[in-house]
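Trainee: Below are the structure tokens for one structure; questions will follow.
The values are calculated or read from the model by the stated rules, or taken from the named source; none is laboratory data. If you're wondering where the values come from, they're calculated on a predicted model, not measured in any experiment. Don't worry about glycine lacking a Cβ; one is built from the backbone with ideal geometry, like all the others, and counts go over all protein chains shown. Each accessible area value is taken on the protein alone, full model and side chains, heavy atoms only, with ligands, DNA and RNA left out. Shrake-Rupley method; radii C 1.70, N 1.55, O 1.52, S 1.80 Å.
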Amino acid sequence: MPALARLAFIYGIMLTGLVQVVGSLGAVLHRDGKYALFAFLLGLTDCFFSACCFFKEKWIVHWLLSYALLMGATFLLQRGFRPSGGDLPIVSIGVAGLAILCYIARWVRTNQSERKIKFDKSRYESVWATIVDAQAESLHDLCQAVSDLPTSTKGELRQRLRMEHNCSGETQSRIPSPIVQKITSLDLLYAQGQGLYHILLDKVKTWAHVSGGKLPVDVGERQMKYIKWEAIRESSALINSVKWPRLKAPDRAVEKASRCYSGDVSKLLDVCRSMLVFDSIADLKTCMNVIALDQDIALVRVKNRLDPNHQSSETAGFRNCLLNFRIDTHLTRELCVAGHIAEIQLSTEEIIELSRDSGHARYIAFRNSRCE
């Protein structure tokens, strides 16, 4: 219901702005230049405000104040810079007052959420300080390995696929090219993610086996324990109890695309994702190297939040290493998901354990207060 009310509000303002712009054209035909300019500016302001509400939610409060100033300027222009009457104080000053109230409310909420995560951040920083002291050399090696990792752009992967199509008559006859295309539909993005999901899980099992990676297992009584895949694979009971990550929640995907990417869903790189947990930074680095050397993997982006120089304030102290990649196999090409970008999160058990309680919920509140 709130989402429906939000859309009704946005489209209502946009429709009002379009009507005013069309009305300004009618005023031009009747040679009423002053009213035409007034209506055009006011309509344009409404259209820009509605677009901001739709595409850049975190700019709404800033644009609301600008909206009030522009509205006041158009009223002054329409009256020849003689603010007689009550329209200007009621409309313009009223909207400006609303903008100021929104600024205050947002400031209060942001400060409240920052106070709530202050304790979580201190715990993360304490664990991180321990890791830095005990595994400084491994962290240095990890940072060096990340800087040496190759990444593929869309053009490079498209060229690679096209060359392989030309070299293999069987592949060329069965699979269309190019595969890598910009996705503009969220439904199509999720369809690709669903098609790639089990292929990704098979890869994760292989990487975990080689590097000693751990997976979350439900051990009963609402208890979660991270166990190495080597031990899990020996027990059918443990295999059935593994809590595999699901596809990104559609509500969060819409929220993130709107708040961060101006509605461009092609920039969502974590719809299909997984996670591995490690006892040490050295094991994590081994896994990252295994992924990089995998012939089926085309790395696209690496975010190393385990770099000591990384500013962790944006994630409330939480740290991990994110790898975004495409899986290029004969099967993924047949399923038309070779161009889909998946994600795997690598972190240590000490850090992940801190995020399992209500701290994650507090971080979500903090993230929402910043419109991220």
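Trainee: Which one of 243, 303, 225 is under 17 Å from residue 151 (Cα atoms) and open to solvent by 40 Å² or more (accessible area, probe 1.4 Å)?
Mentor: 303
Trainee: For region 306-329, give me each residue that is aromatic (Phe, Trp, Tyr) and either open to solvent by 30 Å² or more (accessible area, probe 1.4 Å) or over 18 Å from the mean Cα position of the chain (by Cα) (or both).
Mentor: 318
Trainee: Based on this model, can you work out whether residue 206 counts as at pLDDT 50 or above and either at positive phi or part of a loop (DSSP other than H, G, I, E, B) (or both)? Talk me through it step by step, then tell me what you get.
Mentor: Details: at pLDDT 50 or above: yes; either at positive phi or part of a loop (DSSP other than H, G, I, E, B) (or both): no.
Considered against the rule, which asks whether it is at pLDDT 50 or above and either at positive phi or part of a loop (DSSP other than H, G, I, E, B) (or both), residue 206 comes out as no.
Trainee: Moving on. Out of all the residues in region 113-132, which are in contact (Cβ under 8 Å) with a residue 40 or more places away in the chain, more than 12 Å from residue 312 (Cα to Cα) and of a type in the set (A, V, I, L, M, F, W, C)?
Mentor: Selection gives 117, 127, 131, 132.
Trainee: For region 266-282, indicate whether the set of residues that are touching a Lys or Arg at 6+ places or on another chain (Cβ under 7 Å) and among the β-branched types (Val, Ile, Thr) is non-empty.
Mentor: yes
Trainee: Checking residue 221 against (1) in contact with a Phe, Trp or Tyr (Cβ under 8 Å, 6 or more places away or on another chain); (2) at positive phi, only one condition comes out false. Which one?
Mentor: (1)
Trainee: I've got another one for you. What is the residue count in region 10-28 for residues that are modelled with pLDDT of 70 or more and either open to solvent by less than 70 Å² (accessible area, probe 1.4 Å) or under 30 Å from residue 252 (Cβ atoms) (or both)?
Mentor: The qualifying residues number 13.
Trainee: Another question, then. So, in region 185-222, of the ones that are under 23 Å from the mean Cα position of the chain (by Cα) and among the β-branched types (Val, Ile, Thr), which residue ends up most open to solvent (accessible area, probe 1.4 Å)?
Mentor: Step by step, filter region 185-222, then rank; the result is 199.
Trainee: Something else now. For region 245-282, which positions are within 14 Å of residue 215 (Cα to Cα) and touching a helix residue (DSSP H, G or I) at 6+ places or on another chain (Cβ under 6 Å)?
Mentor: Selection gives 274, 276, 277, 278.
Trainee: When residues of region 306-344 are filtered for being farther than 22 Å from residue 150 by Cβ and of a type in the set (Lys, Arg), how many remain?
Mentor: 1
Trainee: Taking the criterion of being among the small types (Gly, Ala, Ser), at pLDDT below 90 and closer than 28 Å to residue 194 by Cβ, would at least one residue in region 289-308 satisfy it? Give the derivation first.
Mentor: Pass one, region 289-308, residues among the small types (Gly, Ala, Ser): 292, 298.
Filter once more, keeping what is at pLDDT below 90: none.
No, there is no match, as no residue in region 289-308 is among the small types (Gly, Ala, Ser), at pLDDT below 90 and closer than 28 Å to residue 194 by Cβ.
Trainee: Sticking with this one: Taking helices (runs of 4 or more DSSP H) that do not extend beyond region 217-335, which have at least 1 residues that are touching a residue at least 24 places away in the same chain (Cβ under 8 Å) and over 17 Å from residue 203 (Cα atoms)?
Mentor: Where helices (runs of 4 or more DSSP H) fall fully within region 217-335 and carry at least 1 residues being touching a residue at least 24 places away in the same chain (Cβ under 8 Å) and over 17 Å from residue 203 (Cα atoms), they are 236-241, 250-260, 281-293, 330-334.
Trainee: Just a yes or no: is a residue in region 255-269 surrounded by 15 or more Cβ atoms within 10 Å (Cβ to Cβ), in contact with a Phe, Trp or Tyr (Cβ under 9 Å, 6 or more places away or on another chain), at pLDDT 90 or above and under 24 Å from residue 136 (Cα atoms)?
Mentor: no
Trainee: Could you check, for region 109-126, whether at least one of its residues is open to solvent by less than 80 Å² (accessible area, probe 1.4 Å), at pLDDT 90 or above, within 30 Å of residue 362 (Cβ to Cβ) and not small (Gly, Ala, Ser)?
Mentor: No: region 109-126 contains no residue that is open to solvent by less than 80 Å² (accessible area, probe 1.4 Å), at pLDDT 90 or above, within 30 Å of residue 362 (Cβ to Cβ) and not small (Gly, Ala, Ser).
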